[in-house]
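The values are calculated or read from the model by the stated rules, or taken from the named source; none is laboratory data. None of the values given here were measured: they were computed from a predicted structure. Heads up, the Cβs are rebuilt from the backbone with ideal geometry, glycines too, and the neighbour counts pull from every protein chain shown.
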Amino acid sequence: MVSADLARNIIGIIGNVISFGLFLSPVPTFITIIKKRAVEQYSPEPYLATLVNCMLWVFYGLPIVHPNSILVSTINGVGVLLEAVYLTIFFIFSGQKLRMKMVKILLVEFAFMAIVISLVMKLAYTHEKRSLIVGVLSVIFGTIMYAAPLGVMIPNGLGTLLGLVQLILYACYYKSTPKGDAQRKEISMSPVMAD
């Protein structure tokens, strides 16, 4: 029979291997950016979201917050390093405007982490409270991380859906509008020109 600790460690290692693969998945994108020496249409937002998510999980896995979760801290520490590399490449090959936007977001993320760490360490005195607070924040930011790539797709998807609704309404009500009736009468009453 396998002990609970051994099972937890095996599952944790499997999770870390899968997470490492996830963290490496943008490598082809960054190879393209380096080859073309431009970020083109790529957005830094998914990498910025992943960075703050990994920082939160590193904090969560520390023994002062959640004991016996070193696997959480180690894999997310690797994630922080990889995201830092990705963001550095992005910074090098992007324009001034995008660079400034990235710097502002990074400053907000670092300030946010400093505030979270300070408040959790000063106000939550037990591991249970610290784990709960940081765990909830980590789940929220994990959700944001996975939703970040949809930032471009959501407005386009909504625009497509709303455009389709407009076309359907136009098709349904075109013939019932007074202007449409007047134009049809005018066309039907106009003389046909002879050759």
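For segment 38-71, what are the residues that are among the hydrophobic types (A, V, I, L, M, F, W, C), in contact (Cβ under 8 Å) with a residue 40 or more places away in the chain and part of a helix (DSSP H, G or I)? Selection gives LEU48, ALA49, LEU51, VAL52, MET55, LEU56, TRP57, PHE59, LEU71. Within segment 72-95, track down each residue that is under 25 Å from ILE10 (Cβ atoms) and touching a residue at least 12 places away in the same chain (Cβ under 8 Å). VAL72, SER73, THR74, ILE75, ASN76, GLY77, VAL78, GLY79, VAL80, LEU82 - these are the residues of segment 72-95 that are under 25 Å from ILE10 (Cβ atoms) and touching a residue at least 12 places away in the same chain (Cβ under 8 Å).
The residues of segment 96-119 that are touching a residue at least 40 places away in the same chain (Cβ under 8 Å) and more than 19 Å from the chain's Cα centre (by Cα), listed by number, are VAL116, ILE117. Of note, GLY79 satisfies the criterion of being in a helix (DSSP H, G or I), small (Gly, Ala, Ser) and surrounded by 17 or more Cβ atoms within 10 Å (Cβ to Cβ).
Name the residues in segment 157-187 that are assigned to a helix (DSSP H, G or I) and at pLDDT below 70, would you? The answer is GLY157, LEU158, PRO178, LYS179, GLY180, ASP181, ALA182, GLN183, ARG184, LYS185, GLU186, ILE187. Evaluating SER25 against the criteria (1) surrounded by fewer than 17 Cβ atoms within 10 Å (Cβ to Cβ); (2) closer than 30 Å to THR126 by Cβ; (3) out of contact with any Cys (no Cβ under 9 Å at 6 or more places or on another chain); (4) not aliphatic (A, V, I, L, M) leaves one unmet condition, (2).
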